[in-house]
Amino acid sequence: MAATLAAELNSATRECIVRNPSSIMSQTLFEEIGGEPRLREIIDAFIDRVFADRMIGFFFHNADRNRIKEMEYQLTAEFLGADVKYQGKALDQAHAKHPIMGGQFARRMQILKETLEDFHVPQAVRDAWFQHNESLRKLITSDSGSDCDPIEARKKSEASHKGV
């Protein structure tokens, strides 16, 4: 009896797939990585690494780590196709007071790359995630390259503190 039931279920599943093959192909990138629990795990590790990083962690010295994790989760989940809306400030406004250089942006991208590799995120998802982050560059830094000029950084820092 169990074998008959299993055969009927397998037949019904095959029939459903044949009639609606797009149901298999319509999985979002969000679903592909494992949905909310897995994305939160990845984001938590990523943000912890960013906060601890010697090159860029100082930007987060006074930041609320849990809030940053939540904003990063919302932003990423939305772009990966989840039914989640980013509720944070516009990215250019959120980063305006920080003199972020191209090299610091590149460092964040490197930390993201290492985190996604450590979590064995599928390459297609990684590629989309990097492309999305790179598309946000102009909202985070005016530097198009990956240089980190200490003199220019000092000027930007001084200018940002005058505006505060």
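Read the figures in this text as sums done on the coordinates, not as results from a lab. The model shown is predicted, which means the values in this text are computed figures rather than measured ones. Here the Cβ is made from the backbone with ideal geometry for all residues, glycine too, and neighbour counts use every protein chain on show.
Count of lysine pairs in the range 30-162 with Cα atoms under 27 Å apart, counting only pairs 8 or more residues apart in sequence or on different chains?
24
Could you tell me the calculated FRET efficiency between ALA96 and HIS61, based on Cβ-Cβ distance and R0 = 22 angstrom, to the nearest 0.05?
0.80
Using Cβ counts within 10 Å as a stand-in for footprinting exposure, how do THR76, THR115 rank, fewest first?
THR115, THR76
Just rank HIS98, HIS120, fewest to most, by other beta-carbon atoms within 10 angstrom.
Fewest to most other Cβ atoms nearby, the residues stand as HIS120, HIS98.
Report the label-to-label distance for GLU117 and ALA52 in nanometres (one decimal), using points 7 Å from each Cα along the Cα→Cβ vector.
Taking the simple label geometry, GLU117 and ALA52 are separated by 1.7 nm.
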